[in-house]
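So the structure is just underneath, and the comments pick up after that.
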Amino acid sequence: MSKWDAVWRCAAVVLALSVPSGARAQQLKIFDAHLHYNQEPNPFYPLDKVLEVFKRNGVAGIVANSRPNKGTHQLVEAKAPGLWVVPFIRPYRVRSDIQTWFNDPTIYELIQDEYKRGYYRGVGEFHIYGRDAEAPLVKKVVDFAVERDLFLLAHCDEPALLILFKHNPKAKIIWAHTGFSTPPERVRELLDTYPALMGELSYRSGITEGGGTLSAEWRKLFASHSNRFLLGSDTWIHERWFGYDTIMKNYREWLAQLPAEQARRIAYANAERLFGRKVE
Ligand SMILES: [Zn+2]
């Protein structure tokens, strides 16, 4: 064997060893559990472009919600091949509803009306902080969801999260952003206390450190609780659509650092379990 043969063989071995985890993460299907297709009055991308964005990112399923709900209707009605749409009722018509929905009886009517479409699996994303969650209308919405086996996609702080569960301990809550910066040890306690709580990871700080390396504390949390997390893009503003490829690439980079089974759960298998279908 010549010196160059040896070099090439060595390079081939290095390649063979290094490709699988990266390629594995590239191939993983992704379920985007926090997707807005807002239209006020027009969407950032038309529907065909949105579907193309999902396709090129390996996104095979989405929790769809939008302000107003028209965008969600369009995604459901598109029946796009290879895209599983799990529609949630957004309790907002316009942006300013974010601040007032929890005291606005017309929002409860909106939720009831939308529900009549028959295909919804959840209510949210809604925003609620601290003792605002004690509003009677919030309890009504939580009870409405529990009675119909709907999920809640809640963007809330920890005090509001605890109040939501106090309203109805049977609530199935997907915690948008997993508290943004709640210490991982506290996230672990909350997951252990509330078995129906799931953490959605868009904008969640601390998962990676400089250079994109998975942090030790999140690696530890995923090792024990990989069945409790979901990925999301949170396309709440145009920039998030513009950056969609990067958002998914960043997820894939840290997923590739996890054992395959943990990565698979977080990428899509937890969504399959929650919403009762397989991604294609
Ligand atoms: Zn959002």
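Numbers at a glance
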| quantity | calculated |
| --- | --- |
| Interchain or long-range residues, amide H under 5 Å from Leu230's placed H | Gly199, Glu200, Leu201 |
| Reach of Lys172 by Cα under 17 Å, taken over lysines that are not fewer than 8 positions away in the same chain | Lys139, Lys140 |
| Relative contact order [Cα under 8 Å, 6+ residues apart], the chain, whole percent | 20 percent |
| Accessible area expressed per residue, the chain, with surrounding protein chains retained (probe 1.4 Å, Å²) | 47 Å² |
| Pairwise centroid distance, computed over Cα atoms, of the range 229-268 with the range 138-156, Å | 26 Å |
| Listed peptides 213-223, 112-122 by packing density, highest first (mean Cβ within 10 Å) | 213-223, 112-122 |
| Residue among Ser226, Ser181, Ser96 with the largest mean-square fluctuation in a Gaussian network model of the chain, springs linking Cα atoms under 10 Å | Ser96 |
| Among Ile62, Pro259, Pro184 the positive-end extreme of the charge dipole of the chain (Cβ point charges) | Pro259 |
| Protein-only accessible surface order, largest first, of Val85, Val63 at 1.4 Å | Val85, Val63 |
| The chain: most fluctuating residue of Asn65, Asn250, Asn38 per GNM, C-alpha cutoff 10 Å | Asn250 |
| Charged-residue dipole, Cβ positions (Lys, Arg, Asp, Glu), the chain about Cα centre, Debye nearest 20 | 760 debye |
| Distance (nanometres) between label positions extended 7 Å along Cα→Cβ at Arg273 and Ile98 | 3.2 nm |
| Cα principal axis extents for the range 38-172, largest first, Å | 41, 29, 28 |
| Fraction of accessible area attributable to carbon and sulfur, the chain (%, probe 1.4 Å) | 57 percent |
| Rounded to 5, the percent of DSSP beta bridges in the range 127-280 classed as antiparallel | 10 percent |
| Three-way shape label, the range 148-280, alpha-carbon gyration tensor, a/c 1.5 | rounded |
| Radius of gyration and Dmax over the Cα atoms of the chain, both given in Å | 20.2, 81 |
| Counting DSSP beta bridges with both ends in the chain, the antiparallel % (nearest 5) | 5 percent |
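The values are calculated or read from the model by the stated rules, or taken from the named source; none is laboratory data. Just so it is clear, the model here is predicted, and its values are computed rather than measured. Every residue, glycine as well, gets a Cβ built from its backbone with ideal geometry; the counts of neighbours run over all protein chains shown. Accessible surface areas use protein heavy atoms only, side chains included; no ligands, DNA or RNA. Shrake-Rupley method; radii C 1.70, N 1.55, O 1.52, S 1.80 Å.
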